[in-house]
1. Tell me, which residue of the range B:174-200 that is open to solvent by 20 Å² or more (accessible area, probe 1.4 Å), in contact with a strand residue (DSSP E or B) (Cβ under 6 Å, 6 or more places away or on another chain) and not charged (D, E, K, R) is farthest from B:Val299 (Cα to Cα)?
2. If I ask for residues that are out of contact with any Asp or Glu (no Cβ under 8 Å at 6 or more places or on another chain) and without any contact (Cβ under 8 Å) to a residue 60 or more places away in the chain, which ones from the range B:79-89 would you list?
3. Let me confirm something: among A:Leu480, A:Leu427, A:Leu445, which residue is farther than 30 Å from A:Arg357 by Cβ and either part of a loop (DSSP other than H, G, I, E, B) or among the basic types (Lys, Arg) (or both)?
4. Within the bounds of the range A:40-55, is there any residue that is assigned to a helix (DSSP H, G or I) and at pLDDT below 95?
5. Can you tell me which residue is surrounded by the most Cβ atoms within 10 Å (Cβ to Cβ) among those in the range B:75-84 that are assigned to a loop (DSSP other than H, G, I, E, B) and more than 9 Å from chain A (Cβ to nearest Cβ)?
6. In the range B:90-135, what residues are without any contact (Cβ under 8 Å) to a residue 24 or more places away in the chain and open to solvent by less than 20 Å² (accessible area, probe 1.4 Å)?
7. Might you check whether a residue that is more than 14 Å from every other protein chain (Cβ to nearest Cβ), open to solvent by 10 Å² or more (accessible area, probe 1.4 Å), at pLDDT 95 or above and more than 19 Å from A:Ala77 (Cα to Cα) occurs anywhere in the range A:149-158?
Amino acid sequence: MDFLKLTVHELRDKLRNGEITSEEIVKGYFDRLEKLEDKLDSFLTITKKEAIKEAKKIDERLKNGEKLGDLAGIPVAIKDNIVTKDIKTTCGSKILEDFIPPYNATIIEKLKSEGAIIIGKTNLDEFAMGSSTENSAYKVTKNPWDLTRVPGGSSGGSAAAVASGEVPYALGSETGGSVRQPASFCGLVGLKPTYGLISRYGLVAFASSFDQIGPFTKDVEDLAIVLNNIIGYDKMDTTSVEVEKKDYKNALKDDIKGLKIALPKEYFDEGINKEVKGKVLKAVKVLEDLGAKVDEVSLPHSDYGLATYYVLAPSEASSNLSRFDGIRYGSRVKDYDSLDELFIKTRSEGFGEEVKRRVMMGTYCLSSGYYDEYYNKAQKVRTLIKKDFDDIFKEYDVIISPTTPSLPFKIGERNDDPLAMYMSDILTVSVNIAGVPALSIPCGLIDGLPVGLQIIGKAFDEETIIKVAYNYEKNSDFILEPKMGGDINEL
Amino acid sequence: MSYKTLIGLEIHAELMTESKIFCKCSTEFGGDVNTHTCPICLGMPGTLPVLNKRVVEYGIRAGIAFNCDIAKRTKMDRKNYFYPDLVKGYQISQYDLPLCKDGAIKIETDQGEKEIGLIRIHIEEDTGKSIHSNDGGSLLDYNRSGVPLIEIVSQPDMNSPEEAKLFLEKLKATLQYIEVSDCKMEQGSLRCDVNINIIDEDTGNKTTVTELKNLNSFKSAIKAMEFEQKRHINLLEQGKDTKRETRRWDESKSETILMRVKEDAADYRYFPEPDVVELDIEKDWVKKIKEDIPELPHVKRERFVKEYDIPSYDAEVLTSTKALADFYEETVKHTKDPKQVSNWIMTDILRRLKDEELEIDDIKFTAENLADLIKLVNGGKISNNIGKKVLRTMFEEGKDPNTIVKEKGLIQINDEDKLNEIIDGILAENEQSIIDYKNGKDRALGFLVGQVMKATKGKANPQKANQIIREKINNY
């Protein structure tokens, strides 16, 4: 089996027609994973024994003639900030080094009830704060396309795992681009769903009003399949939204004649790598040739997106991360003379630099005397940014842009320059601010590195962006196959 | 010099909902440590709060009872601070859009009715509890974490500890009436913080507000206020001022003790809770809550006067707490004699409760037992005096009156032959009294009846004894 290329729908078909068993699939992926992990460092925890046990159960059920869903018996990897019962959940942080949750995230319950096989937990920037997965307290994940480069972040472990064929699909999470940006860097389809489409219960909060779980898949059909199985209102999350049950596979059709595409000029300005821009415009041309109408538009408050994000997200984070105080779970320093010292030492030693930076920024922004100037003002700008999108979507079906301003950068390159690192998110954060859905889909290679096309849609209209992505995917003319430093491909 | 005391109160009352404010855990008091907990009320990573609708309903009910404006739109906010009993590092509370605001509580002072303004009522979650062990370590019990609270903040409208006491009593009674909180201070389901300062009305000088915390009972709250009142006035008289500080009441020393000086206002970095959606409170819902609100004290008082034909004062006393009013009505239901029931409760029962510092809930017998006792007296089975004795036994042993009467052989002697026999003996021994009575000394009759009662250990029917003695003397 060529696990590098196999998609979820192909695996499902092989499983259904008896060509292969779930146990063989799972073992096959583990064989590959075990050989690749030395080079990639995608995973923090591997759950091989449990996964094989579950696979056998699925095989048994299939043998008994049970009709199972699309994801049954197929492996999935989970970003390590989504809580998994009885499986260590570290959030890439020392402070949760030995944390084994006694409960599952809602999305895990959903996947398990569909028979999905969890094979492990993937690496991430600590508490999902970062754009390169270098901020993990445990390891630096490498980009399968070039092992000297970052896979993007913060869901870099999940992206690298799928791109390298360690697993056919994976879950990540987004706060400011943490699925789309690594999807772009690793040549995958990655979706940030509308805020409220997927339950956040069990997603360890970074910035609650932005956070949303999103999948990485190899193609658009897989995206539709996975999405079908993970969405829906959850009474455990009052910010999740009751939407009509949809089958996103219905969006996989050739029907974009007359579709109106908006290209925001702010997303194509000088800051964007020219070659990246070229690939994106070429992709837009493909869609135009298929009958879509394309106009240049303006999202006038785009310039404030990054600043708004870096006020609001750290503000929420500073509060969300307060619970890691060493009292009830997670690590606690051994020596302290007072309660304050217990808190301070535990948190100083337990959190990494970037997390501490953001907690401090957020604490500052929420402090009395600064609240109005920062948090409150940023909330007002958030409203304006939302309105920018609302205005465009009155006339257009989708907005298209590059996903990231540049190609995957070198490991270590932006470590000492937080601002340069933050700039990686400049084209993705506004989507999180507005809460609308967006996906990234590969649109070509530059110097052997993938480029991502971002398709942004109306709130709860994932179907349209899936449809556009599907049409592009079908009509694009490049082949995606990571070289992974030469020899890895041979596996 | 004339000084004016300004007292404002901040009351936290635990709500009587079955489950906690953001999860399904029980709110019951007294469970084994950390047994009423789950990942949500332990604030574990990834968990989310889901607001209990009942909590909002109870908050609105309190708002209605205290004549507040109910918010059309409200939201939860995070109050951030670090403490081991606070599981998330923030408390989910309400900041700028409280559920209820601008209410009032009326109290009856010696100078007449007075209105104490309420600034706001908001809903929030309680914290866990630290237990300090002997070896210097601390243990934590999170059973209370996430128990719903309302915080009621008054205007500084009370001008004496006495007024504050009346306010607290009224507030407690009302919350119990509307079945929103059981208000047990000793279990911590009602907690009260005090803000107090003094104005010199001649000069306009005033002291800095002192905050009083950790007041475990109404009594200690009042004592602490009285102590502070004097301390502030003393300082004012010396031309000094108080500091901005928090003090607690030390019962053994009978004084307030400094807890901390508030140099800077604590910065709780409040911001809107992103995990709980904003709430639109529908008018119809508020209307429904209003319609369904349990009878308020003043309404009950009026009904008692009308329905049971008892004096207004009695009705006032009987409705002072919901538990007492319920006890009264329950007893009436079994006796159909509302006036007698009122008499018994107003005199013997309340006196005893007052002497022993008990509440009606603490007594050992039921309303039905009291009803049986009244029936025994009314039916002439036992005398009024024996009835009082039986009641004492009921207080002590909690037995039902029929059993007590039977066990102690207290049935009243109504049998005329028996009484004749006893009275003949008494008269034979007290000829002088017969003469006295015939000479117009009415007191002698009382003495003779007393002798009969003594001889029967109080069991003789006194009216009958009286009648028989009179007849016998007249025929002597």
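1. B:Ile199
2. If the condition is that a residue be out of contact with any Asp or Glu (no Cβ under 8 Å at 6 or more places or on another chain) and without any contact (Cβ under 8 Å) to a residue 60 or more places away in the chain, then B:Tyr83, B:Leu86, B:Val87, B:Lys88 are the ones that fit.
3. Unique residue meeting the criteria: A:Leu480.
4. Within the range A:40-55 (the criterion being assigned to a helix (DSSP H, G or I) and at pLDDT below 95), the answer is no, since none of the residues qualifies.
5. Going through the range B:75-84, the residues assigned to a loop (DSSP other than H, G, I, E, B) turn out to be B:75-76, B:81-84.
Adding the requirement that they be more than 9 Å from chain A (Cβ to nearest Cβ) leaves B:75-76.
Details: B:Lys75: 17, B:Met76: 26.
The qualifying residue surrounded by the most Cβ atoms within 10 Å (Cβ to Cβ) is B:Met76.
6. Across the range B:90-135, the qualifying residue is only B:Tyr90.
7. If we filter the range A:149-158 for residues that are more than 14 Å from every other protein chain (Cβ to nearest Cβ), which is where we start, we get A:149-158.
With open to solvent by 10 Å² or more (accessible area, probe 1.4 Å) added as a condition, the list becomes A:149.
From what is left, the residues that are at pLDDT 95 or above are A:149.
This time we only want the ones that are more than 19 Å from A:Ala77 (Cα to Cα), so: A:149.
Scanning the range A:149-158 turns up at least one residue that is more than 14 Å from every other protein chain (Cβ to nearest Cβ), open to solvent by 10 Å² or more (accessible area, probe 1.4 Å), at pLDDT 95 or above and more than 19 Å from A:Ala77 (Cα to Cα).
For (1) more than 14 Å from chain B (Cβ to nearest Cβ); (2) in contact with a helix residue (DSSP H, G or I) (Cβ under 6 Å, 6 or more places away or on another chain); (3) farther than 17 Å from A:Leu111 by Cβ; (4) open to solvent by less than 20 Å² (accessible area, probe 1.4 Å), each residue gets a yes or a no:
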{"position": "A:Glu50", "(1), (2), (3), (4)": "yes, no, no, no"}
{"position": "A:Asp59", "(1), (2), (3), (4)": "yes, yes, yes, no"}
{"position": "A:Lys63", "(1), (2), (3), (4)": "yes, no, yes, no"}
{"position": "A:Leu68", "(1), (2), (3), (4)": "yes, no, no, no"}
{"position": "A:Gly73", "(1), (2), (3), (4)": "yes, yes, no, yes"}
{"position": "A:Ala77", "(1), (2), (3), (4)": "yes, yes, no, yes"}
{"position": "A:Ile82", "(1), (2), (3), (4)": "no, no, no, yes"}
{"position": "A:Lys88", "(1), (2), (3), (4)": "no, no, yes, no"}
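The values are calculated or read from the model by the stated rules, or taken from the named source; none is laboratory data. Keep in mind that this is a model prediction, so the values were computed, not measured. Virtual Cβ from ideal backbone geometry, glycine too; neighbours counted across all protein chains shown. Note: areas computed on protein heavy atoms with side chains; ligands, DNA, RNA excluded. Shrake-Rupley method; radii C 1.70, N 1.55, O 1.52, S 1.80 Å.
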